[in-house]
Amino acid sequence: MNRKINECIKPNIALCGKKIWLDKNLPHNSEVSFDLEGDYANSSVRNFAYESFAESTRIRSDLPEIMAAETKRVMKSFFDSVRNVNSEKTTSAARLILTDAVFTFNEITVCIDRLLCRADGLIEICEIKAATHVKDSFIKDLSFKYAVLSLMGYTVKRVYIRYINGAYVKQGKIDANKFFFYKDVTESAKVYSSDMLGIIKESLCMAEEPFCNIGYGCLSPHKCNYWGYCTGELPDDNVFNIAGLSMDRKFELYDSGIISFEDIEKNRSVSPRQMEQVSSVLHLSAPKINKKELVKFLDCLTFPLYFLDFETFQSAIPRFDGVSPFTQIPFQYSLHCMVEKNGEILHKEFLADYGKDPRRELAERLVKDIPDNVCVVAYNMVFEKNVIRKLALLFKDLYDPLMKIHDNIKDLMIPFQKHYYYDRKMNGSYSIKAVLPALFPDDPELDYKNLNLIHNGIEAMISYQQSENADNNTREEIRSSLLKYCGLDTYAMVKIWQKLNDVVN
Ligand code: SF4
């Protein structure tokens, strides 16, 4: 089962009773919000743990109700057998370990990554996390499960979290005993769950939908599935759509009644740049263009121009020797090149085969493809510079040419970040995914939605990793989709650069 029930934990309240009530009474209002990257990482770490600690019985099905029935059956059979042994006065060290155990209680479904049933009738529960630190939200998630299991009549003796040793460096086969850390969170879980028990019981009994105002906990650590339902009456343009405003500030304004863009404009309660977003929407403003600054910026980009973009992946389970969990590995780049203004646009690209460390080959190709001392253009250059700096530190013989590329990078994001060019269709964002459709509305060639399979960096990262176990046809499809996706990133940069030149001329 890929998705589990996401409990919405609210700060200070620890749990949203309204969500429990909605799950029971109006579940059709729930919207599934995927965290592709987090889900993929968590599921790969869980699978690795299950394979490494193989003494467990895995509950398998795509349907929670079947998993719940199977969990119940296997546990009953275990406890019955232990009871029979104990009644014959024989001591038993028997135990049962289940992975992906599912429990349902009054429309509440919880999934336990690792459940230990003990011969004395008690149980222990464990959550496996693709993280190198234990966050409070993990403990709250587990506390909710603890509370539900208690309401079902189980006695939970121990609650713990298995998480990743971030300093682990792979050398040969990964040693799961050194790769994972454990944290016993039983005492904290007891405290949280005792507060939750009352809320759960009360919410399940309520005839009417409980009132619960939205708060920070609706969006953190993950967006509640009922966010759309609970904010349905807010105006379309509201404080939560302001780009670059912290979540704390958004709720501060919301709680003080400053909600619509009109309220924000009246109170001038956000930064000047955020005010630009608000007033451009309210007054349907034409794009704002600062020609002087744009000319200055464009003058810094000298021919030949090399437009560069990398794709990388960060695997929770290190894939190669010498690599730690979550090490960023570049595996692909696209490069569009213009030798002179209005000249031919050339394209070069690199995409490593999956299965071996791609960094050396990628670094060698990069220094061959980009000549010394040319102007390299990236969009949000912090990312590209970081990738190149790490390659340079890893391969000392390539340090000089790589650092020349690094030092010559210019950032095409700046004109949009600094609002030298601002269009209200960007909704306050300066990411290339917001800028491109604003500059080129209705251009199918520049629309990421028209790509096959891969439409963003997260999908690229996951698809590349999945290609390892894919059949030949799927692997080819992934490869061709990756090339098209990354190619569009740099082609889009060329088009944006051309558009800015048109604007100033
Ligand atoms: S959006 Fe917030 S208030 Fe609404 S159900 Fe979810 S956590 Fe509760």
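The values are calculated or read from the model by the stated rules, or taken from the named source; none is laboratory data. Here the structure is a predicted model, which means the values were calculated and not measured. Glycine gets a Cβ as well: all are built from the backbone with ideal geometry, and neighbour counts include every protein chain shown.
Between LYS390, LYS410, the distinction of being over 30 Å from ALA286 (Cβ atoms), touching a residue at least 60 places away in the same chain (Cβ under 8 Å) and among the basic types (Lys, Arg) belongs to LYS390 only. The residues in the range 429-449 that are surrounded by 18 or more Cβ atoms within 10 Å (Cβ to Cβ) and not in a helix (DSSP H, G or I) can be counted, and the count is 1. Just one of (1) within 16 Å of the ligand (Cβ to nearest atom); (2) touching a Phe, Trp or Tyr at 6+ places or on another chain (Cβ under 8 Å); (3) within 21 Å of ALA434 (Cβ to Cβ); (4) in contact (Cβ under 8 Å) with a residue 24 or more places away in the chain fails for MET206. It is (3).
Of everything in the range 179-211 that is of a type in the set (Asp, Glu) and outside any helix (DSSP H, G or I), the residue that is nearest to PHE144 (Cα to Cα) is ASP184.
Only helices (runs of 4 or more DSSP H) whose full extent lies in the range 366-428 are considered here, and the ones with at least 1 residues that are out of contact with any Pro (no Cβ under 9 Å at 6 or more places or on another chain) and within 29 Å of PRO272 (Cα to Cα) are 381-394, 414-417.
Selection of the range 277-293 for residues being within 14 Å of ASN241 (Cα to Cα) and either touching a helix residue (DSSP H, G or I) at 6+ places or on another chain (Cβ under 7 Å) or at pLDDT below 95 (or both) yields VAL278, SER279, SER280, VAL281, LEU282. Set side by side, the residues VAL169, VAL148 differ, and just one is of a type in the set (Val, Ile, Thr) and assigned to a loop (DSSP other than H, G, I, E, B), which is VAL169. Being of a type in the set (Asp, Glu), more than 23 Å from GLU55 (Cα to Cα) and surrounded by fewer than 16 Cβ atoms within 10 Å (Cβ to Cβ): is that true of ASP120 here? Here the answer is no, as ASP120 does not meet what is asked.
Looking only at residues of the range 377-417 that are within 27 Å of the chain's Cα centre (by Cα) and among the charged types (D, E, K, R), we find that the one that is surrounded by the fewest Cβ atoms within 10 Å (Cβ to Cβ) is ARG389. Across the range 29-49, what is the number of residues that are more than 14 Å from the ligand (Cβ to nearest atom) and at pLDDT 90 or above? Total satisfying the criteria: 10. Pairing each residue of the range 451-471 that is within 18 Å of ASP309 (Cα to Cα) with any residue that is of a type in the set (Phe, Trp, Tyr) and part of a loop (DSSP other than H, G, I, E, B), provided the two are 6+ apart or on different chains, yields C-beta distances under 9 Å for TYR464/TYR354. Restricting the first member to the range 248-274 and to residues that are assigned to a loop (DSSP other than H, G, I, E, B), and the second to residues that are among the polar types (S, T, N, Q), the beta-carbon pairs closer than 8 Å and six or more apart or on different chains are ILE258/ASN267; ILE258/SER269; ILE259/ASN238. Take the residues in the range 328-358 that are over 16 Å from CYS486 (Cα atoms) and surrounded by 19 or more Cβ atoms within 10 Å (Cβ to Cβ); name whichever of them is modelled with the lowest pLDDT. Checking each candidate, the answer is TYR354. With respect to the conditions (1) in a loop (DSSP other than H, G, I, E, B); (2) in contact (Cβ under 8 Å) with a residue 60 or more places away in the chain; (3) within 11 Å of the ligand (Cβ to nearest atom); (4) surrounded by 13 or more Cβ atoms within 10 Å (Cβ to Cβ), ILE214 falls short on a single one, namely (2). Contact map, the range 333-361: residues that are without any contact (Cβ under 8 Å) to a residue 40 or more places away in the chain paired with residues that are of a type in the set (Phe, Trp, Tyr), Cβ distance under 6 Å, separation 6+ or inter-chain. Pairs shown: CYS337/TYR306; GLU340/PHE303; PHE350/TYR333; ALA352/PHE331; ASP357/PHE320; PRO358/PHE331.
Pairs meeting the criteria (first residue in the range 50-78 and aromatic (Phe, Trp, Tyr), second residue at pLDDT 90 or above, beta carbons under 6 Å, at least 6 apart or on different chains) are TYR50/THR99; PHE78/LEU96; PHE78/CYS117.
If you check ASN267 against the conditions, is it closer than 29 Å to ASP39 by Cβ, outside the structural domain of GLN417 (by TED's automatic domain parsing) and away from the ligand (no atom under 12 Å from the Cβ)? So ASN267 fails the test. For the range 242-263, the set of residues classified as in contact with a Gly (Cβ under 8 Å, 6 or more places away or on another chain) and away from the ligand (no atom under 16 Å from the Cβ) consists of ILE242, ALA243, GLY244, ASP263, listed by residue number.
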